[in-house]
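See structure below.
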Amino acid sequence: MSPPAIVPTGEFKHVFANESPLVIDVRPVREFEAFHLEGIVNIPLSELSSPPLKAMLEAAKHEGKAVYILCHSGKRAAAAAKKMASDDGGTYFVVRGGTVACDDFGMKIIRGNNDIPTVRRAWLLSGLLIVLGVVLGFTVHESFYLVAGVIGAGLIVRGMSGTGPND
């Protein structure tokens, strides 16, 4: 079995606009609802063997439509495409960079609620506590709190932007 075909986002944007492919986002429902490409289908990784997906794939095959898989950045999509290809021998295309790259390329993104994920809340709270410690530390002994202030500021920036190795 060959590895899934990785498609550059610019090429995908053209295909998506002109050919009406079947596009499946394999992220969990909550993640999908918060940020997804307009007009695509959400089938979480845990449901890749579901009858509704099999029916969609059969219909796409019958209609001669290409099937593109995406997720947040592309890693889960590659795993999904590999599993799907091993299950049915089909050809699946993975969008390089996932939904993030689609957004960078100006594709229409639907943004759900602005609820801050728990991990980002923890970063924000940690950062705020460290900064507060610095402010209080200046009244006690300045030299111990300078490093904490830099770390706290970094955590706040990470929490506000949502960037990092787990995002």
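The values are calculated or read from the model by the stated rules, or taken from the named source; none is laboratory data. Model, not experiment: these values are computed from the prediction. Please note: Cβ atoms are built from the backbone with ideal geometry, for glycine as well, and neighbour counts cover all protein chains shown.
Consider segment 1-33. How many of its residues are farther than 14 Å from F93 by Cα and either among the basic types (K, R) or part of a strand (DSSP E or B) (or both)?
Adding up the residues that qualify gives 2.
So which residues in segment 41-57 are of a type outside the set (S, T, N, Q) and surrounded by 12 or more Cβ atoms within 10 Å (Cβ to Cβ), if there are any at all?
V41, I43, P44, L45, E47, L48, L53, K54, M56, L57
Please determine, by comparing only the residues of segment 109-134 that are out of contact with any Phe, Trp or Tyr (no Cβ under 7 Å at 6 or more places or on another chain) and exposed (fewer than 12 other Cβ atoms within 10 Å of the Cβ), which one is modelled with the highest pLDDT.
The residue in question is T118.
On the given criteria, is H72 assigned by TED's automatic domain parsing to the domain that holds L37, at pLDDT 80 or above, in contact with a helix residue (DSSP H, G or I) (Cβ under 9 Å, 6 or more places away or on another chain) and within 23 Å of E19 (Cα to Cα)?
For H72, the condition - assigned by TED's automatic domain parsing to the domain that holds L37, at pLDDT 80 or above, in contact with a helix residue (DSSP H, G or I) (Cβ under 9 Å, 6 or more places away or on another chain) and within 23 Å of E19 (Cα to Cα) - is met.
Taking S73, is it loosely packed, with under 13 Cβ neighbours inside 10 Å and over 14 Å from G112 (Cβ atoms)?
no
I need every pair where a residue in segment 6-17 that is assigned by TED's automatic domain parsing to the domain that holds A77 has its Cβ under 7 Å from the Cβ of a residue that is assigned to a strand (DSSP E or B) and charged (D, E, K, R), sequence separation at least 6 or different chains.
From residues that are assigned by TED's automatic domain parsing to the domain that holds A77, there are no pairs.
If you check E19, E11, E38, E63, which single one turns out to be surrounded by fewer than 17 Cβ atoms within 10 Å (Cβ to Cβ) and in contact with a strand residue (DSSP E or B) (Cβ under 6 Å, 6 or more places away or on another chain)?
After ruling out the rest, the residue left standing is E38.
Which of the residues spanning segment 40-56 are in contact (Cβ under 8 Å) with a residue 24 or more places away in the chain and under 17 Å from E19 (Cβ atoms)?
Residues satisfying the conditions are I40, M56.
Find the residue count for segment 119-143, including only residues that are under 10 Å from L155 (Cα atoms) and not in a helix (DSSP H, G or I).
Within segment 119-143, residues that are under 10 Å from L155 (Cα atoms) and not in a helix (DSSP H, G or I) number 0.
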